[in-house]
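Take a look at the structure below.
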Amino acid sequence: QVQLVESGGGLVQAGGSLRLSCAASGRTFSRYAMGWFRQAPGKKREFVAAINWSGGTTVYADSVKGRFTISRDNAKNTVHLQMNSLKPEDTAVYYCAAKALFTSVTLHEYDYWGQGTQVTVSS
């Protein structure tokens, strides 16, 4: 079992930056790939970024490539999403998720989810 708690969301102006964090419980964090997804009002939840168990492989949605960076610290059971050059269309609730070992862009492959953190980007 893995419990996930996101933090770091907030209100930022377009062009600004935010750093989201996800703290995971349990001693097997290093066995899980971690992903970030987001859901804007009235839209489906969509993939943002993922990182494999070791941190050696990362995957990004085209819409965030070059602006967002996912990283993890297995010693601290945390995963981060550094978001730069934010745009109003990045406004959404951001969710952290976990699945066994390898990255995936597919929502339903993730077994554990956090409660989400709101990110609002003003124009």
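The values are calculated or read from the model by the stated rules, or taken from the named source; none is laboratory data. None of the values given here were measured: they were computed from a predicted structure. Backbone-built Cβ (ideal geometry, glycine too); neighbour counts: all protein chains shown. Keep in mind that these areas ignore ligands, DNA and RNA; they rest on the heavy atoms of the full protein, side chains included. Shrake-Rupley method; radii C 1.70, N 1.55, O 1.52, S 1.80 Å.
Which ones in segment 18-63 are part of a loop (DSSP other than H, G, I, E, B), touching a strand residue (DSSP E or B) at 6+ places or on another chain (Cβ under 6 Å) and either on the phi > 0 side of the Ramachandran plot or hydrophobic (A, V, I, L, M, F, W, C) (or both)?
Within segment 18-63, ALA40, TRP53, GLY55, ALA61 qualify.
Quick one: in segment 1-17, which of the residues that are open to solvent by less than 30 Å² (accessible area, probe 1.4 Å) and assigned to a strand (DSSP E or B) is nearest to HIS80 (Cα to Cα)? Walk me through it before giving the result.
So in segment 1-17, the residues open to solvent by less than 30 Å² (accessible area, probe 1.4 Å) come out as 2, 4, 6, 10, 12, 16.
Subset that is assigned to a strand (DSSP E or B): 4, 6, 10, 12.
Numbers: LEU4: 12, GLU6: 9, GLY10: 15, VAL12: 18 Å.
So, considering only residues that are open to solvent by less than 30 Å² (accessible area, probe 1.4 Å) and assigned to a strand (DSSP E or B), the one nearest to HIS80 (Cα to Cα) is GLU6.
Quick one: what pairs do we get from segment 20-41, first residue farther than 11 Å from CYS96 by Cβ and free of Cβ contacts under 8 Å to residues at least 60 places away in the same chain, second of a type in the set (Gly, Ala, Ser) and open to solvent by 30 Å² or more (accessible area, probe 1.4 Å), C-beta under 8 Å, 6+ apart or different chains?
SER30/SER54
Tell me, which residue of segment 64-79 that is of a type outside the set (Lys, Arg) and part of a loop (DSSP other than H, G, I, E, B) is farthest from LYS99 (Cα to Cα)?
Step one: filter segment 64-79 for residues of a type outside the set (Lys, Arg), giving 64, 66, 68-71, 73-75, 77-79.
Subset that is part of a loop (DSSP other than H, G, I, E, B): 64, 66, 74-75, 77.
On the way: VAL64: 21, GLY66: 24, ASN74: 15, ALA75: 18, ASN77: 14 Å.
Among residues in segment 64-79 that are of a type outside the set (Lys, Arg) and part of a loop (DSSP other than H, G, I, E, B), the one farthest from LYS99 (Cα to Cα) is GLY66.
Restricting the search to segment 45-74, which residues are open to solvent by less than 40 Å² (accessible area, probe 1.4 Å) and β-branched (Val, Ile, Thr)?
Those that are open to solvent by less than 40 Å² (accessible area, probe 1.4 Å) and β-branched (Val, Ile, Thr): VAL48, ILE51, VAL64, ILE70.
Consider only pairs whose beta carbons are under 8 Å apart and that are at least six residues apart or on different chains; among these, list those whose first residue lies in segment 65-87 and is free of Cβ contacts under 8 Å to residues at least 12 places away in the same chain and whose second residue is assigned to a strand (DSSP E or B) and surrounded by 22 or more Cβ atoms within 10 Å (Cβ to Cβ).
What qualifies is ASP73/VAL79.
Which of the residues spanning segment 77-121 are closer than 19 Å to GLY9 by Cα and open to solvent by 40 Å² or more (accessible area, probe 1.4 Å)?
Result: GLN82, ASN84, SER85, LYS87, PRO88, GLU89, TRP113, GLN115, GLN118, THR120.
Check THR91, THR69, THR117 and return the single one that is more than 14 Å from TRP36 (Cβ to Cβ) and either at pLDDT 95 or above or hydrophobic (A, V, I, L, M, F, W, C) (or both).
Working: THR69 fails: more than 14 Å from TRP36 (Cβ to Cβ); THR117 fails: more than 14 Å from TRP36 (Cβ to Cβ).
None of the others qualify; the one that does is THR91.
Can you name the residue in segment 18-44 that is surrounded by fewer than 19 Cβ atoms within 10 Å (Cβ to Cβ) and within 12 Å of the chain's Cα centre (by Cα) and is also nearest to ASP90 (Cα to Cα) among such residues? Walk me through it before giving the result.
If we filter segment 18-44 for residues that are surrounded by fewer than 19 Cβ atoms within 10 Å (Cβ to Cβ), which is where we start, we get 19, 21, 23, 25-28, 30-31, 39-44.
Filter once more, keeping what is within 12 Å of the chain's Cα centre (by Cα): 19, 21, 23, 39.
Values: ARG19: 13, SER21: 17, ALA23: 22, GLN39: 9 Å.
The qualifying residue nearest to ASP90 (Cα to Cα) is GLN39.
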